[in-house]
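K.L.:
Below you will find the structure I want to go over with you.
The values are calculated or read from the model by the stated rules, or taken from the named source; none is laboratory data. No experiment lies behind these values; they were computed from the predicted model shown. Glycine gets a Cβ as well: all are built from the backbone with ideal geometry, and neighbour counts include every protein chain shown. Only protein heavy atoms, including side chains, enter the accessible area calculation; ligands, DNA and RNA are left aside. Shrake-Rupley method; radii C 1.70, N 1.55, O 1.52, S 1.80 Å.
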Amino acid sequence: MNPLLATDEDRPDSPDQPDALVALAEGDRHRPRFHFVSPAGWLNDPNGLSHWNGVYHLFYQYNPLKAVHSRIHWGHATSPDLITWTDAPVALVPGDAANAADADGCWSGVLVDDHGVPTLVYSGRRGDRELPCVAVGSMDLTEWVADAANPVISAPPASLDLTAFRDHCVWPHPGGGWRQLIGSGISGQGGTALLYASPDLRNWSYLGPLIVGDSGDRETTADDWTGTMWECVDLFRLEPAGADDEPVDPDILVFSAWDDGVTRHTLYLTGRYSGTRFDRTALHRLDYGGRYFYAPQSTQDARGRRVMFGWLQEGRSDAAAETAGWSGVMSLPRLVTRAPDGTLHQQPVPELETLRRDHVRLGGFTLTGGERRAGLTRGDQIDIVAELQLEPGSEVELIVRATQDEAERTVIRITRPGDAHGDIALELIRTASSLDPTVDATPRSGPIKHVDGRIDLRVLADHSALEIFANGQPLACRVYPTREDAQGVEFVGVRGRVHVREAASWRMADIWHSPRRLWPAL
Ligand code: DQQ
């Protein structure tokens, strides 16, 4: 029995009413079938992501009570391959005692290996404050006990006027002990990551801000505005893959730009971390979907790969998600590497290919303005790869989730400017993605670097989840077609000449088979 499990009245799924919320959620046509989702209820950030004794562990922000962001627990699932998952018992439950540091929620955090002892560092929420907490786990990571001394940091640094203080990145310090970053923001300045040191994960000394953003250095509406607070900071070293003329700084600081309760988008800084400083080189958008790929966390697996998951937020109303009985999708696991220019290159892990079924291949062809080409796998659970070459001044669209009459259609548009050296534009146009006027239909876009107009395109559509990768740059989003026949897939030449060197597609298998439980047992 997990000593942290809440009282029975916290559990709506009594044995005579087995998991009605799961049945409700499973009946929703928008629910993905090859992405990780919670059994039902609410899911947001990935937490405690790790590869422990050869098993991948994904914890996540979870409300098993209903599909709303309140009373957040830590859900838990394990996987041999990052693709197929087994639910594990809920790992953290808000503390029973009214004065528990996490009485109102166990917010985001990480798993570390404390000399063989699995240890979670997370944000305990009580009232409207979050403070750092610790829980210790059994060797199989299924039972967790919150530390009696929680919170392990009793207050944010008194010397600073902060906008918020939560979320953790913790690593062993080469000289012994630990270092920790806590996401925060300095009022009137910008987001920040506050650095702490500890000998034992329990006693922490404040060292200062590692780096402070400037929330006034660009328009607050900009896609790369750094916000007034940084959520879910993630610092890691990732050396560039190939040699380039210039040495590239080795470190990456990922953060999710937040402002006064609004989750804006995820960004990363390249630079160099040493001691108490992060010297930045450049700021980049992590995913062109903006808030649709939020609060990511990464880990290095036993093969030395940097693997990242993010939270694909909903694009329908809170009320619609609650009615559906579930909210939130975990992104596909991404393999993150460095391009020679120092930017991040992201693609789904190759293990995902084991889900591919019924291969369809279209040989090379050229599209000019007005030409269309169907033939790829239709459906709402598909994987498409295409090698494109766009001549200067050309534009092509890949239409997915289209109804027969095109009343619903989701458009992925790729445009190469007439200036041969300019970046290619990737756009996702959702104005006709759904006949439901209440769902978000705002566009998403960003520039794609290329050589000679070449684009390696990957599109994964999984019911309401849509993930697009163009030359390793992702754009994750959500779409909610209302009609059963929203299954069509087609290339459309818009103008100029676009060579489709190769295109292939597959139907993707389900990863979920047997009914799941809101409170999984071992
Ligand atoms: N979600 C968590 C916070 C974090 C935010 C709460 C990001 O810890 O700052 O569920 O989505």
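K.L.:
Can you give me the ranges of the strands (runs of 3 or more DSSP E) entirely in the stretch 337-447 with at least 2 residues that are basic (Lys, Arg)? If you could, list the steps in order and put the result at the bottom.
P.N.:
Details: elements: 344-348, 356-362, 365-368, 381-390, 395-402, 410-415, 424-429.
Counting at least 2 such residues, we get 356-362.
K.L.:
For the stretch 152-267, list the strands (runs of 3 or more DSSP E) that sit wholly inside it and hold at least 1 residues that are more than 24 Å from residue 308 (Cβ to Cβ); which are they?
P.N.:
Details: elements: 162-172, 178-186, 190-198, 205-212, 229-237, 251-259.
The qualifying strands (runs of 3 or more DSSP E) are 162-172, 178-186, 190-198, 205-212.
K.L.:
Looking at 347, 297, 313, which one is open to solvent by 10 Å² or more (accessible area, probe 1.4 Å) and away from the ligand (no atom under 16 Å from the Cβ)? Write out each step before concluding.
P.N.:
Details: 297 fails: away from the ligand (no atom under 16 Å from the Cβ); 313 fails: away from the ligand (no atom under 16 Å from the Cβ).
Step by step, each of 347, 297, 313 is checked, and only 347 is open to solvent by 10 Å² or more (accessible area, probe 1.4 Å) and away from the ligand (no atom under 16 Å from the Cβ).
K.L.:
Take residues that are over 30 Å from residue 514 (Cα atoms) and more than 15 Å from the ligand (Cβ to nearest atom) and tell me which of the strands (runs of 3 or more DSSP E) falling wholly in the stretch 80-130 contain 1 or more.
P.N.:
On the way: elements: 86-92, 105-114, 117-126.
Strands (runs of 3 or more DSSP E) meeting the threshold: 105-114, 117-126.
K.L.:
Continuing with the same structure: Identify the single condition in (1) at pLDDT 95 or above; (2) surrounded by fewer than 17 Cβ atoms within 10 Å (Cβ to Cβ); (3) farther than 14 Å from residue 410 by Cα that residue 483 does not satisfy, given that it satisfies every other one.
P.N.:
The single condition residue 483 does not satisfy is (3).
K.L.:
Still on this structure, please answer the following. From 401, 413, grab the single residue that is open to solvent by 10 Å² or more (accessible area, probe 1.4 Å), on the phi > 0 side of the Ramachandran plot and in contact with a Leu (Cβ under 9 Å, 6 or more places away or on another chain). Before the answer, list the steps.
P.N.:
Working: 413 fails: on the phi > 0 side of the Ramachandran plot.
Answer to the selection: 401.
K.L.:
For the stretch 163-178, what are the residues that are within 16 Å of the ligand (Cβ to nearest atom) and small (Gly, Ala, Ser)?
P.N.:
Of the residues in the stretch 163-178, the ones within 16 Å of the ligand (Cβ to nearest atom) are 163-170.
Matches in the stretch 163-178: 164 only.
K.L.:
Then there's this: Between a residue in the stretch 98-123 that is open to solvent by 30 Å² or more (accessible area, probe 1.4 Å) and any residue that is of a type in the set (Lys, Arg) and more than 11 Å from the ligand (Cβ to nearest atom), which pairs come within a Cβ distance under 8 Å, given they are 6 or more apart or on different chains?
P.N.:
Going by the 8 Å Cβ cut-off, the qualifying pairs are 99/126; 104/126.
K.L.:
A further question follows. Can you give me the number of residues within the stretch 213-238 that are open to solvent by less than 20 Å² (accessible area, probe 1.4 Å) and away from the ligand (no atom under 16 Å from the Cβ)?
P.N.:
Selection size over the stretch 213-238: 2.
K.L.:
Just to be sure, is residue 134 within 24 Å of the chain's Cα centre (by Cα), β-branched (Val, Ile, Thr) and part of a strand (DSSP E or B)? Steps first, answer last, please.
P.N.:
On the way: within 24 Å of the chain's Cα centre (by Cα): yes; β-branched (Val, Ile, Thr): yes; part of a strand (DSSP E or B): yes.
Here the answer is yes, as residue 134 does meet what is asked.
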